[in-house]
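Novice: Encoded as structure tokens, here's the structure I'll be asking about.
The values are calculated or read from the model by the stated rules, or taken from the named source; none is laboratory data. Note that the coordinates shown come from a computational prediction; the quantities given were computed from them, not determined experimentally. Cβ: placed from backbone, ideal geometry, glycine included. Neighbour counts: every protein chain shown. Surface accessibility is based on the protein's heavy atoms, side chains included, excluding ligands, DNA and RNA. Shrake-Rupley method; radii C 1.70, N 1.55, O 1.52, S 1.80 Å.
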Amino acid sequence: MMKYLSFCRIAFSILICLLIIPFASLVVTADAGLKVNGKISFQSDRDGNLEIYVMNPDGSGQTRLTNNSAEDWNDSWSPDGTKIVFTSNRDGNYEIYVMNADGSGQTRLTNNNSYDGQARFSPDGTRLVFVSGRDGNWEIYVMNADGSGQIRLTNGNYIDGVPCWSPDGTKIQFDSDRDGTYQIYVMNADGSEQTRLTNGNYGNGEADWAPDGTRFAFGSGRDGNYELYVMNADGSGQMRLTNNNNSDENAKWSPDSTKIVFESDRDGNDEIYVMNADGSGQTRLTNNSASDRRAAWQGLPPSPTPTPTITTTPTNIPTVTPTITPTATPTVTPTTTPTITPTSTPTITPTQTPTIASTSTPITQTPSPTPGSSQSANLGFIIGIIVAVIVIGLIIFFVLLRRRRSRVKS
């Protein structure tokens, strides 16, 4: 009896091990599809003056991008993560510049005798919203990504600043003191329908629109010191995220809307921190005696559109003149018998009867599968393996059990 129970345990253990393998593959496949957040840029005076740096999302790999005796700050990424727009006074006054993600190709975009700064790329990367004092006080402007076509959007005897695009590019959020205290406003991308979202005798500002379009992260002094909050895109549902006796500000969302990077002086000086979107898991990323501020998360490029893979075969192929009929199966009559290795089944249009001559190099097109179809195929394959393993395991189990019973009877 003990030998029988031992045999059953062994058979059951083998079956469980066989099931673990495909389930592990399923987990790995699911993880591979998760969106990964890019690098974080920030400004620091650790080397004597304000310069722009980048680091990995965990705080590692901190690298300096700009290097001059002036101040470089107010950095923000292009939506595809290939460019950084920033403010610098290297040419005498604060102007807007752009550079590649590695710090190369630094180019000036604005040129006047007043302050230009706080630039942010539009979601499609073709325009920039920014702040300028060229007309007497700070107002909101837009321009093309190359600096051309500069247009003023706001106009009043007050300060408007810290603009940010909505994820769909139809609206712009900004701060204004037009009603006495700094509050958060939103307007259409052409400057029309300017609407106030927050109220109070305390400052609310520096809002950042979540990439999913549903929320803002923003700073507020409503509870005695500057802390970080979130609210819905219409101003409702305001909720506090940070809570300490120091200043937490300049919140920026991660590309997947799951995390927020921000600055805080809770440990004695300004450093960069990150937290989950609900305020949990607050973690310090930078640690030095200098001031590290105004972090921004790298935008991620959209998934590339699958393109056909072109494979060329060697030349010197004897002349072949196949006749293609309007049916789905072409008939090929070569004068010699070349070796043809197709990589995919060609699609034949029945309305035409072309004549193909292989005097030039033939081209075989291999369409790349789309990400969705690939993931579906992987899932179906793994489910098939699981079912097959269960069936085979049960067959083996019952066969061995039957043999065991036969031996016991004999």
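This table checks each residue for (1) among the β-branched types (Val, Ile, Thr); (2) under 28 Å from residue 62 (Cβ atoms).
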site	(1), (2)
200	no, no
208	no, yes
211	no, yes
221	no, no
248	no, yes
253	no, yes
260	yes, yes
267	no, yes
273	no, yes
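Novice: While we're here: From the residues in the stretch 196-214 that are part of a strand (DSSP E or B) and more than 9 Å from residue 233 (Cα to Cα), which one is farthest from the chain's Cα centre (by Cα)?
Specialist: Only one residue fits best here, namely 196.
Novice: Still on this structure, I have one more. Going through the stretch 107-164 one residue at a time, which ones are assigned to a loop (DSSP other than H, G, I, E, B), under 27 Å from the mean Cα position of the chain (by Cα) and not acidic (Asp, Glu)?
Specialist: 109, 122, 123, 125, 126, 145, 147
Novice: Of the conditions (1) at pLDDT 95 or above; (2) over 18 Å from residue 275 (Cβ atoms); (3) hydroxyl-bearing (Ser, Thr, Tyr), residue 202 fails just one. Which one is it?
Specialist: (1)
Novice: More than 20 Å from residue 272 (Cβ to Cβ) and not charged (D, E, K, R): does that describe residue 128?
Specialist: For residue 128, the condition - more than 20 Å from residue 272 (Cβ to Cβ) and not charged (D, E, K, R) - is met.
Novice: Anything in the stretch 248-272 that is within 18 Å of residue 207 (Cβ to Cβ) and in a strand (DSSP E or B)? List them, or say none.
Specialist: 248, 249, 250, 251, 252, 253, 259, 260, 261, 262, 263, 264
Novice: So is residue 175 outside any loop (DSSP other than H, G, I, E, B), buried (at least 22 other Cβ atoms within 10 Å of the Cβ) and more than 25 Å from the chain's Cα centre (by Cα) or not? It would help to see each step written out before you state the result.
Specialist: Numbers: outside any loop (DSSP other than H, G, I, E, B): yes; buried (at least 22 other Cβ atoms within 10 Å of the Cβ): yes; more than 25 Å from the chain's Cα centre (by Cα): yes.
It is true that residue 175 is outside any loop (DSSP other than H, G, I, E, B), buried (at least 22 other Cβ atoms within 10 Å of the Cβ) and more than 25 Å from the chain's Cα centre (by Cα).
Novice: Could you please find all residues in the stretch 215-235 being part of a loop (DSSP other than H, G, I, E, B), free of Cβ contacts under 8 Å to residues at least 24 places away in the same chain and open to solvent by 50 Å² or more (accessible area, probe 1.4 Å)?
Specialist: Selection gives 222, 223, 224, 226.
Novice: Additional query: Of all residues in the stretch 57-78, count the ones that are assigned to a strand (DSSP E or B) and open to solvent by 40 Å² or more (accessible area, probe 1.4 Å).
Specialist: The qualifying residues number 3.
Novice: Would you please list the contacts, defined by Cβ atoms under 7 Å and residues six or more apart or on different chains, that run from a residue in the stretch 281-294 that is open to solvent by less than 50 Å² (accessible area, probe 1.4 Å) to a residue that is small (Gly, Ala, Ser) and part of a loop (DSSP other than H, G, I, E, B)?
Specialist: Listed pairs, sorted by first residue: 285/59; 286/59.
Novice: Given the conditions (1) open to solvent by 60 Å² or more (accessible area, probe 1.4 Å); (2) at pLDDT below 95, which single one is not true for residue 244?
Specialist: (1)
Novice: Same structure again: Does residue 303 satisfy the criteria of being open to solvent by 40 Å² or more (accessible area, probe 1.4 Å), closer than 28 Å to residue 211 by Cα, small (Gly, Ala, Ser) and at pLDDT below 95? Give the derivation first.
Specialist: On the way: open to solvent by 40 Å² or more (accessible area, probe 1.4 Å): yes; closer than 28 Å to residue 211 by Cα: yes; small (Gly, Ala, Ser): yes; at pLDDT below 95: yes.
It is true that residue 303 is open to solvent by 40 Å² or more (accessible area, probe 1.4 Å), closer than 28 Å to residue 211 by Cα, small (Gly, Ala, Ser) and at pLDDT below 95.
Novice: How many residues does the stretch 40-56 hold that are assigned to a loop (DSSP other than H, G, I, E, B) and open to solvent by less than 50 Å² (accessible area, probe 1.4 Å)?
Specialist: 3
Novice: Against the definition (free of Cβ contacts under 8 Å to residues at least 60 places away in the same chain, within 26 Å of the chain's Cα centre (by Cα) and open to solvent by less than 20 Å² (accessible area, probe 1.4 Å)), how does residue 191 come out, yes or no?
Specialist: Criteria not met by residue 191.
Novice: Still on this structure, I have one more. Give me the pairs, please: first residue somewhere in the stretch 86-111 and within 21 Å of residue 62 (Cβ to Cβ), second residue anywhere and surrounded by fewer than 17 Cβ atoms within 10 Å (Cβ to Cβ) and of a type in the set (A, V, I, L, M, F, W, C), beta-carbon distance under 8 Å, and either six or more positions apart or on two chains.
Specialist: Qualifying pairs under 8 Å: 88/70.
Novice: Still on this structure, please answer the following. From the list 90, 108, 152, which one is out of contact with any strand residue (DSSP E or B) (no Cβ under 6 Å at 6 or more places or on another chain), among the basic types (Lys, Arg) and at pLDDT 95 or above?
Specialist: Going through 90, 108, 152 in turn, the sole match is 90.
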